[in-house]
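The values are calculated or read from the model by the stated rules, or taken from the named source; none is laboratory data. For clarity, every value in this text was computed on a predicted model and none was experimentally measured. In this analysis, Cβ positions are derived from the backbone assuming ideal geometry, glycine residues included, and neighbour counts consider all displayed protein chains. Accessible surface is based on the protein model in full, side chains and every heavy atom, while ligands, DNA and RNA are left aside. Shrake-Rupley method; radii C 1.70, N 1.55, O 1.52, S 1.80 Å.
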Amino acid sequence: HQHEGPRRVKRAWVIPPISVSENHKRIPHLLVQIKSDKQQPGGVIYSIKGPGVDEEPLGIFSIDKFSGKVFLNAMLDREENDRFRLKAFALDLGGVTLEDPTDLEIIVVDQNDNRPLFRQDVFTGHVVEGAEPGTCVMTVDATDADDPDTDNAAVRYSLLEQGSAAMFSINATTGEICTARPGLDRETVGVYNLTVQAADMSGDGLTTTATAVIYLEDINDNPPEFTKEEFSMEVEEEAAGVDVGKVFVHDKDLAGSPNWLAKFTILEGDPEGAFTIRTDPYTNDGVLSVAKPLDHEVRDRFELTVSVRNEQPLDSVAAASPRALATVRVRVRDVNEPPVFRDNPRRVSVLEGSPPGTSVTTFTASDPDSRQLQTLTYSLLYDPADWLQLDPHSGTVRTKRELLHPSAFLQGGRYIALVLARDDAEPPLSATGTLSIEILEVNDHAPVLQPTAGVVCGRPGRGGNLLLGATDSDRPPHGAPFHFHLSPQHPQLAHNWSITRFNGEVTHAVLAVLVELPAGPYSLPLLLRDSGTPPQEQQQLLNISVCHCGRDGTCEDGVLAAATAGAGITLGALMIILGSTILLLGRRRRALRKGLLQSSRDDMRDNILNYDEQGGGEEDQDAYDINQLRHPELFLSRVKPPVRRDAPLSSATPLAPRKLRSSPSDIKDFIDEGLEVADSDPSVPPYDTALIYDYEGSGSVASALSSIISSLTDEDQDYDYLSEWGPRFRRLADLYG
């Protein structure tokens, strides 16, 4: 390759920058004349383009297209445009470009036509009083729109006015304002207003002013002082928590600040702390109050020494001064005082069941007015159960009637009464004492077996157990734990049965079958004993129905067990039984008129259905053993009648069964007698055969049992006695009573 040397490039036409002063008033003004080196016989056509010509701002510059002269057509503002960059073109008459376009730059020269401007009209600063000279407070600043590279924008600062003291100075270049001399005192002058000037041309040009406000911040350089040395006040005795009076102080520091807020202390004259003194946050005065009730009979005047200081400690610049002290004299005025129960509330105890007239306590009050002769009388202010009587002179409280437990008037085992003591002053004053009487529990109830009947499988092991429980009307510790035993009077029971505690429970035990027993009803006498002092015990019968055991330990013949023991009856079966009872009671007269039981050629005993049987129908006649009706003397010799689970437990043993007639086959008389017993007993519903069977009519072995409600159509029947059968029959009483 052959190395090529540098070529000579022909220089194009070049126009040097043109300067023109802003605000030029001679318009139009010739700026420059451009000329192309390539002159043509017919001439050259010149033109310019760019901002100020065909771009915004329009019309500022123009050119003579034949001579190439460029003119200024409007006044310029450097702060808006400091220069213009245009393009110049040279064309022949045919519009062909003779040379490449060249740059034409017009520079706008600055003039000092703008004053300095502060960034804000008012500047704010803070400085603590007593600040050392040279402590800077704030900085003010101003700007100038003129060319920053010229003196037109060179700003200098000065203070025009600040008062005669001249406590501040300003840095001419930076605008920083600082303290100039000591002696700033907020209590003398709290605010300084300074006039600040800014001038361009290094301080010799155009000027402007602003205000600088300087606040002096308070320091604790003034201690509080009492307005006088002695204060006198009065207060009534027994007036605790009241204000006695005020002590007045003055502090020169800023009101409401911690440097101003006073703190008072009682130094002498109140060893028992009967008074307190606090600061009124609005007035800064000391408020003397009674902290403990005063007794004129004990002390009738006080002389207190009180000091005051600020919440904040004094500043080091404050001059040393002694602590401010004042004497406060308080006189205690005598007034009539109410009686006082010293032992209030009075707590006493009385044995449950104590007879009327038993002395409970002597509850008296004392009169604090020892210098006055007064007599106190007593009365019962609150005795909700009217259990008490009170001697009006001695204050002795006695029982008016036997105190019962439990009672709705007891609160947590205590009976609350209020005793009023009144003096005979004018006007009389009174006091109330609370008498809290604890009714001590006496073990006067034996535990009661719950439930009194059950069903077990006749085989030892699973299914041959029954959970027993008991309740006791006495409160602890006279109740649980309970002790369950087979009756010691029948030791042979231990061969077939056992009783053990249930998982450590104190209220339950487990009855278990020890040997395989034949199915049928059993009555077990049990002995239950509580843990009271002395313990109470009673013997009670537990009616057990032993059933045939299935493979899984459950009863195969649940109907027999339920019918015999009266336990395990479902809610649906119970409703059917109750309905049957009502049907029997409603149809009794009609049945007698028809002679159903007398004229039927069938043995009506064979038509008795047990409606607790859940799996059979009318063909299932084995749910109830009819032999118990045909030969009741054999049944009674085998077992005592079961006790109903919902029967009252007021007696230790169940009532004796109703004696059957001499002719057991006369079922009509037997049923009539049972109905008469049921109608005459208001405490419990009948538990005999009337609950289990009913005559269903002459057309079928067991006529269809229609709706219970639809069967109750006899208007001559009165079922109001259902409401006396207890809570389990309340719903039935609402429907049919």
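Applying the condition of being out of contact with any His (no Cβ under 9 Å at 6 or more places or on another chain) and either of a type in the set (Asp, Glu) or part of a loop (DSSP other than H, G, I, E, B) (or both) to segment 321-335 and asking which residue is most open to solvent (accessible area, probe 1.4 Å) yields 323. Contact map, segment 278-299: first residue of a type in the set (Asp, Glu), second residue assigned to a loop (DSSP other than H, G, I, E, B) and exposed (fewer than 13 other Cβ atoms within 10 Å of the Cβ), Cβ cut-off under 6 Å, separation 6 or more or different chains; pairs are 297/370; 297/371.
Considering segment 433-460 alone, what residues qualify as being outside any loop (DSSP other than H, G, I, E, B) and under 17 Å from residue 543 (Cα atoms)? Within segment 433-460, 448, 449, 450, 453, 454, 455, 456, 457 qualify.
Residue 276 meets the stated requirement of being within 42 Å of the chain's Cα centre (by Cα), surrounded by fewer than 19 Cβ atoms within 10 Å (Cβ to Cβ) and within 12 Å of residue 290 (Cβ to Cβ). Being aliphatic (A, V, I, L, M) and at pLDDT 90 or above is a condition met by no residue of segment 99-114. Scanning segment 301-320 for residues that are open to solvent by less than 60 Å² (accessible area, probe 1.4 Å), farther than 16 Å from residue 265 by Cβ and of a type in the set (Ser, Thr, Tyr) yields a count of 0. May I ask you to verify whether residue 246 is among the basic types (Lys, Arg) and either surrounded by 14 or more Cβ atoms within 10 Å (Cβ to Cβ) or in a strand (DSSP E or B) (or both)? Judged against the criteria, residue 246 is a match. Condition first: in the same structural domain as residue 500 (by the TED database), small (Gly, Ala, Ser) and part of a strand (DSSP E or B). Can you find one or more residues in segment 412-424 that meet it? No; the residues of segment 412-424 include none that is in the same structural domain as residue 500 (by the TED database), small (Gly, Ala, Ser) and part of a strand (DSSP E or B).
For residue 64, are the conditions met, namely being in contact with a strand residue (DSSP E or B) (Cβ under 6 Å, 6 or more places away or on another chain) and not assigned by the TED database to the domain that holds residue 207? Criteria not met by residue 64.
With respect to the stated conditions, residue 222 is of a type outside the set (D, E, K, R) and in a loop (DSSP other than H, G, I, E, B).
Rundown of residues vs (1) under 20 Å from residue 358 (Cβ atoms); (2) in contact (Cβ under 8 Å) with a residue 60 or more places away in the chain; (3) open to solvent by less than 10 Å² (accessible area, probe 1.4 Å), yes/no style:
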site: 411; (1), (2), (3): no, no, no
site: 424; (1), (2), (3): no, no, no
site: 458; (1), (2), (3): no, yes, yes
site: 461; (1), (2), (3): no, yes, no
site: 464; (1), (2), (3): no, yes, yes
site: 467; (1), (2), (3): no, no, no
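This table checks each residue for (1) in contact (Cβ under 8 Å) with a residue 40 or more places away in the chain; (2) open to solvent by 30 Å² or more (accessible area, probe 1.4 Å); (3) among the charged types (D, E, K, R).
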{"residue": "345", "(1), (2), (3)": "yes, yes, no"}
{"residue": "351", "(1), (2), (3)": "yes, yes, no"}
{"residue": "361", "(1), (2), (3)": "yes, no, no"}
{"residue": "365", "(1), (2), (3)": "yes, no, no"}
{"residue": "387", "(1), (2), (3)": "no, no, no"}
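Screening 359, 370, 321, 354 for residues that are more than 45 Å from the chain's Cα centre (by Cα) and within 30 Å of residue 185 (Cα to Cα) leaves exactly one candidate, 321.
Looking for whichever is loosely packed, with under 15 Cβ neighbours inside 10 Å, at negative phi and within 43 Å of the chain's Cα centre (by Cα) here; the options are 293, 338. Which one fits? Break it down into steps so the answer makes sense when it comes.
Details: 338 fails: loosely packed, with under 15 Cβ neighbours inside 10 Å.
Exactly one of 293, 338 is loosely packed, with under 15 Cβ neighbours inside 10 Å, at negative phi and within 43 Å of the chain's Cα centre (by Cα), namely 293.
Within segment 526-540, being part of a strand (DSSP E or B), in contact with a His (Cβ under 9 Å, 6 or more places away or on another chain) and in contact (Cβ under 8 Å) with a residue 60 or more places away in the chain holds for 526, 528, 529, 537.
Here segment 426-442 is the region considered, the condition is being acidic (Asp, Glu) and closer than 14 Å to residue 352 by Cα, and the residue that is most open to solvent (accessible area, probe 1.4 Å) is 438.
Give segment 722-737 a look and list any residue that's in a helix (DSSP H, G or I), within 14 Å of residue 678 (Cβ to Cβ) and either in contact with an Asp or Glu (Cβ under 6 Å, 6 or more places away or on another chain) or modelled with pLDDT of 75 or more (or both), or say none.
From segment 722-737, those in a helix (DSSP H, G or I) are 722-724, 727-736; that's our starting set.
Filter again for within 14 Å of residue 678 (Cβ to Cβ), leaving 722, 724, 729.
The answer is 722, 729.
Considering only segment 232-258, how many residues are out of contact with any His (no Cβ under 6 Å at 6 or more places or on another chain) and within 30 Å of residue 368 (Cα to Cα)? Steps first, please.
In the first step, residues of segment 232-258 are kept if they are out of contact with any His (no Cβ under 6 Å at 6 or more places or on another chain); the result is 232-236, 238-258.
In the following step, the residues that additionally are within 30 Å of residue 368 (Cα to Cα) were identified as 232-236, 238-246.
Here the count works out to 14.
Within segment 52-109, the set of residues being exposed (fewer than 14 other Cβ atoms within 10 Å of the Cβ) and among the aromatic types (Phe, Trp, Tyr) comprises just one member, 66.
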